[in-house]
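Colleague: Input: one structure, supplied below.
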Amino acid sequence: MSSTVYVDRGSPVHRLNPMTKLVAMLCVIVIVFALPVWWVSGLVLAVAIIPVAVISRCGRTLSRISATILLPILVVLFVVQGLTFPGGKTALVSWGVFTVTSEGLHFALGIGLRLVCLVLASVLLVLTTHPGDLMSALTARGMSPKFGYIISSTLQLIPAFRDRANAILLAQQARGLSVKGSPLRRIKIMMPLLGPLILGMFTDVEDRSTAMEARGFGSTARRTSLVPVPDSSVQRVSRWVMPAVSLAVIVVPFATGAL
Amino acid sequence: MPHSTNGADSRRARHIALVILGALIVVATYLYLVVWRPTEIAHTSTGRASLIAIGGYVIGAVLLAVGSIHRLPTTTVALIPVAIALNIVVGQIVSVIGLPVYLDSIGTVLVSVLAGPAAGVVTGILTNVIWGLTLSPIALPFAVVQVVIGIFAGTAARWGMFRRVYTAPLAGLVTGVVAAMVSAPIAAFVFGGATGGGAGAIVGAFQAMGQSLLGATTLQGLLSDPVDKAITFTVVALLLIALPARFLQRFPFARAHRVFGRTGPKAAQTALAREG
């Protein structure tokens, strides 16, 4: 089981420089959160996120992953805020003690659409960008290579870790460990699982760090890149234009008093 | 923290400045949102509170991570991926088994105790970054909570609270209270209180009793976080007893602050006895 959700569809969106996509995602999130009106989020969704998702040909995967993340949150958000929003005055429907207020639903709509934009934009970035490329691009721009090492290494470790945890759990069950029972009993299961898991994983750490040190990992000298990430002058310009446009979009309504 | 390269003074000063700046931004964000409390956010969804909550916390956390990572020796850097995988895998297993806690910071606490708060901060932030990259971007705004856990666990270890199994949960309770207070503005202003099914229902109940949104998410956090962190700290203290003393003594931080107190053959024997 892979620990990343990256799908290689070879679309124009996939071929963009990771920095361009990262800047675009940040701009979308900042606009949506800085202009807290529900139709701004809707507009961003319709004009920016959905077209990019269609071009990237990951629309189906994107909607599946986002739905699993968003549905529980949105349902809880609308139910809880619709019923109990502190500023709620205008009652729409009421049964007995339960009253749905329009202020509550309006609040839930504002927050909900913002969350939809946040989740869709970031899942889209992760779907279309290989983590390795993103790390190379960020390291080439001066991020400490230690970050790149930790993130890439963890992504490879998680499946191995999960396999080892399952193997230990099965081994302990073969010894007669019961995984059912009260919550307190189930917390006790964690110890025979965690002990061997951590001991096993940590014994590898010392060998790995010796090998890394021998290859100059701790050196602070600037590295060259083994795999250059493709870039173009159009993208270089757009990485400056996008934040400038977002800033204008945020500042102008306040300056002209439209909001 | 030893730094082997020479002529690194100005670089070190820059990293310390980054840590201070990051901490100031996080504290300022919290003070603005909770203590100074902009009046507009209580009754409308049109406040900029959510941008300030998400922006201030994420920028602060990133600065803290950038400033901290350079102080870490290679042994610690090699340890961090294992700790992050531990956070994520145990966090997932716990949610599958159906426990009413998160237990998603065991690795963070373990690294803080062995290698110090700076290492814990890096582990914590990168846990949520990787969680955001692989499972759900919802985790990303909460990275600052892991910063709190890293700093508090490292400080507790320095004060010797991991030498005894019964002092660890106390440190966990305190950490949990602070974590709940720091995470409340994110849960309120970014997620409208709906961070999960059970949590959302509790927030709703508190709101129905007349609490504000921020008050409701703070109380919800205070119900779950201290218990969760007390369990996490206890699990780590038990693990430290089970780990071989030779492994524990490899970390300069643990040696310098006598995190485990009694060491040597006797501790190793106890460890063996517990393991068997």
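Colleague: For the pair B:Ala28 and B:Ile59, how long in nm is the line joining their label points, each one 7 Å along Cα→Cβ?
Modeller: That separation, rounded to one decimal, is 0.8 nm.
Colleague: Further question on the same structure: Under the 0.36 nm per residue contour assumption, what length would be gained going from the current alpha-carbon distance of A:Leu43 and A:Thr210 to full extension?
Modeller: Numbers: separation 167, 0.36 × 167 = 60.12 nm, distance 5.29 nm.
Taking A:Leu43 through A:Thr210 to full extension adds about 54.8 nm, to one decimal.
Colleague: For B:Trp36 and A:Val237, what does the FRET efficiency come to when R0 = 45 Å and r is the distance between their Cβ atoms, rounded to the nearest 0.05?
Modeller: Details: r = 40 Å, r/R0 = 0.89.
The computed FRET efficiency comes out at 0.65.
Colleague: Something else about it: Report, in order of residue number, the helices in chain A meeting two criteria: a C-alpha extent of 27 Å or more along the helix axis, and a mean Kyte-Doolittle hydropathy of at least 1.0; treat each whole DSSP H run as one helix.
Modeller: On the way: long enough: A:59-84 (35 Å, 1.50); A:102-128 (38 Å, 1.84); A:145-174 (43 Å, 0.34); A:183-214 (46 Å, 0.36); A:233-255 (33 Å, 1.25).
Helices meeting the criterion: A:59-84, A:102-128, A:233-255.
Colleague: A further question follows. How large is ³J(HN,Hα), in whole Hz, for each residue of segment B:140-157 in order, when computed from phi with the Karplus curve 6.51 cos²θ - 1.76 cosθ + 1.60 and θ = phi - 60°, using x for Gly and Pro?
Modeller: 3J(HN,Hα) across segment B:140-157, in whole Hz: 4, x, 8, 3, 5, 5, 5, 4, 4, 4, x, 5, 5, 5, x, 5, 4, 5.
Colleague: Going by amide H atoms built from the backbone, whose H comes under 5 Å of the H on A:Leu92, apart from near neighbours?
Modeller: Residues meeting the amide H criterion: A:Val100, A:Thr101, A:Ser102.
Colleague: Can you flag which of A:Lys146/B:Lys229; A:Lys89/B:Lys229; A:Lys21/A:Lys146 are past 31 Å Cα-Cα?
Modeller: Values: A:Lys146/B:Lys229 28 Å; A:Lys89/B:Lys229 38 Å; A:Lys21/A:Lys146 22 Å.
Too far apart for the 31 Å limit: A:Lys89/B:Lys229.
Colleague: Can you give the average number of partner chain beta-carbon atoms within 10 Å of each beta-carbon in peptide A:162-172, as a whole number?
Modeller: Working: counts 5, 1, 2, 6, 2, 0, 0, 2, 0, 0, 0.
Other-chain Cβ atoms within 10 Å of each residue's Cβ, averaged: 2.
Colleague: Would you please state which residues of segment A:17-61 a label at A:Val7 would reach in this model, taking the label point 7 Å out along Cα→Cβ and a backbone N cut-off of under 14 Å?
Modeller: Residues passing the 14 Å test: A:53-61.
Colleague: Then there's this: Report the calculated FRET efficiency for A:Ala244 and A:Ile55 (r = Cβ-Cβ distance, R0 = 22 Å), to the nearest 0.05. Intermediate results must be reported in sequence, preceding the final value.
Modeller: Details: r = 23 Å, r/R0 = 1.05.
The value I calculate is 0.40.
Colleague: Right, another one. Please express the shape of the protein assembly as shown as an equivalent ellipsoid: the semi-axes are the square roots of 5 times the eigenvalues of the C-alpha gyration tensor, given largest first in whole angstrom.
Modeller: Numbers: eigenvalues 282, 176, 99 Å².
They are 38, 30, 22 Å, listed from largest to smallest.
Colleague: Using R₀ = 41 Å, calculate the FRET efficiency as 1/(1 + (r/R₀)^6) where r is the Cβ-Cβ separation of A:Thr99 and B:Met181; round to 0.05.
Modeller: Values: r = 31 Å, r/R0 = 0.75.
So the FRET efficiency works out to roughly 0.85.
Colleague: What does the charge count near B:Leu18 come to, summing +1 for each Lys or Arg and -1 for each Asp or Glu among other residues with Cβ under 12 Å from its Cβ? Provide the component values of the computation, followed by the final result.
Modeller: Details: positive: B:Arg11, B:Arg12, B:Arg14, B:Arg71; negative: none.
For residues surrounding B:Leu18, the net value is +4.
Colleague: Which of rounded, prolate, oblate describes segment A:144-214, given a ≥ b ≥ c as roots of the alpha-carbon gyration tensor eigenvalues and a/c under 1.5 marking rounded, otherwise prolate only if a/b is larger than b/c?
Modeller: Values: a/c = 3.06, a/b = 2.42, b/c = 1.27.
Here segment A:144-214 falls in the prolate category.
Colleague: What is the distance in Å between the Cα centroid of segment B:170-204 and that of segment A:179-218?
Modeller: With segment B:170-204 and segment A:179-218 each reduced to a Cα centre, they are spaced 28 Å.
Colleague: Based on DSSP H runs of at least 4 residues, each adding -39500 (n - 2.57), what is the mean residue ellipticity at 222 nm of chain A after dividing by all its residues, to the nearest 500 deg cm²/dmol? If you can, show how the numbers build up before the last one.
Modeller: Values: 10 runs with 183 residues, N = 259.
Counting only the DSSP helices, I get -24000 deg cm²/dmol.
Colleague: Could you order A:Tyr6, B:Tyr57 so the one with the most accessible surface comes first? Probe is 1.4 Å.
Modeller: Details: A:Tyr6 65, B:Tyr57 0 Å².
Largest accessible area first, the residues go A:Tyr6, B:Tyr57.
Colleague: Okay, next question. Other chains' Cβ within 10 Å of B:68-80 residues: what's the mean?
Modeller: The mean count of partner-chain Cβ atoms within 10 Å per residue comes to 6.
Colleague: In the neighborhood of A:Leu127, defined by Cβ-to-Cβ distances under 15 Å, what is the net charge if each Lys or Arg adds +1 and each Asp or Glu adds -1?
Modeller: Values: positive: A:Arg9, A:Arg15, A:Lys21, A:Arg57, A:Arg60, A:Arg64; negative: A:Asp8, A:Asp133.
Residues close to A:Leu127 contribute a combined charge of +4.
Colleague: Right, another one. Within 10 Å of each Cβ in A:143-155, how many Cβ atoms from other chains are there, averaged over the peptide? All intermediate terms of the calculation are to be shown ahead of the outcome.
Modeller: Working: counts 2, 6, 2, 9, 8, 0, 5, 14, 7, 2, 7, 15, 6.
Mean partner shielding for this stretch: 6.
Colleague: Need one word for segment B:109-213: rounded, prolate or oblate. Basis is the Cα gyration tensor (sqrt eigenvalues a ≥ b ≥ c); a/c below 1.5 gives rounded, then a/b vs b/c decides.
Modeller: Details: a/c = 2.87, a/b = 1.52, b/c = 1.89.
Taking the square roots of the gyration eigenvalues as a ≥ b ≥ c, segment B:109-213 is oblate.
The values are calculated or read from the model by the stated rules, or taken from the named source; none is laboratory data. Because the structure is predicted, anything quoted here is derived from the model rather than measured. Glycine also receives a Cβ, built like all others from the backbone with ideal geometry; neighbour counts cover every protein chain displayed. The area values use the complete protein model at the heavy-atom level, side chains included, leaving out ligands, DNA and RNA. Shrake-Rupley method; radii C 1.70, N 1.55, O 1.52, S 1.80 Å.
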